[in-house]
Amino acid sequence: MVTIPAPMRAPTQVRQAFSSPDWLYEIKFDGYRCMAGIEDGQAELRTKSGANCTHWYPEVAEVLATLPGGPHVIDGEACVLDEWGRSDFNRLEARSKRRKWYAGADQVTLCAFDLLVLDGQRVIDRPLTQRKALLRELLARLPKAEVMYVGDLDADAGLFNQVVMQLKLEGFMAKRRASRYQPGVVSEDWLKIKRPGWQEGRRWKGKKAG
């Protein structure tokens, strides 16, 4: 199986929304970071810490295994999505604690946002926008119930209220358009912009809005 590296990460501090043509915004899904390696009709999933979690989310692995070509390496977030497409961390955590699929289990979706290897070629040195275009093309024919491509928006501060606040999302990830992927690195090329009151650990300060 293709080697799956440690994921690139953003600094822990939360930033304010900003506008810049050099950056883009992605919706920040609240789940478990999940790296996927696909080769020879098989897929392997690994957590942020490197633990093999393929058997936790077999429905995701089975769909990824159908991707043509390879080897491929994809970065994303394992999530349980509600009827509006918003991530529900509590449901994902309950599912993940069982470490397997079970009757009545919530559907897990890999919200895929970056590509490290395509058909055996490392693409980490290409700009983010190119990697995302390649990823979108690679995933185009997969069912979105199990694997969903995470698109992007212009880095426009006004979108925070229009999208994050109105839809009651966790926030945005701001990413530098021209940035390369740096496995295992905490990089200022990725920034967290979160809804006020949102805390790591999925708890709110005071009364939860909405």
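The values are calculated or read from the model by the stated rules, or taken from the named source; none is laboratory data. Fair warning: this is a prediction, and the values are worked out from it, not measured in the lab. Quick reminder, even Gly has a Cβ in these numbers, built from the backbone with ideal geometry, and neighbours come from all protein chains shown.
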(request) Filter the stretch 20-42 for residues that are of a type in the set (Gly, Ala, Ser) and touching a strand residue (DSSP E or B) at 6+ places or on another chain (Cβ under 6 Å) and give the result. (result) 20, 31, 36, 37
(request) Among what's in the stretch 99-129 and is more than 15 Å from residue 74 (Cβ to Cβ) and free of Cβ contacts under 8 Å to residues at least 24 places away in the same chain, pick the residue that is nearest to the chain's Cα centre (by Cα). (result) 105
(request) Identify the residue in the stretch 15-36 that is among the small types (Gly, Ala, Ser) and closer than 14 Å to residue 77 by Cα and, among all such residues, is surrounded by the most Cβ atoms within 10 Å (Cβ to Cβ). (result) 36
(message) I'd like the full set of residues that are under 27 Å from residue 75 (Cβ atoms) and at pLDDT 50 or above, limited to the stretch 197-209.
(response) 198, 199, 200, 202
(request) Sort out which residues of the stretch 118-131 are crowded, with 22+ Cβ neighbours inside 10 Å and not basic (Lys, Arg), and write them in order of number. (result) 128
(message) I'd like to check something: does the stretch 62-69 contain any residue that is within 22 Å of residue 139 (Cα to Cα), out of contact with any helix residue (DSSP H, G or I) (no Cβ under 6 Å at 6 or more places or on another chain), part of a helix (DSSP H, G or I) and acidic (Asp, Glu)?
(response) yes
(message) Looking at 78, 105, 94, can you tell me which residue is part of a strand (DSSP E or B) and among the hydrophobic types (A, V, I, L, M, F, W, C)?
(response) 78
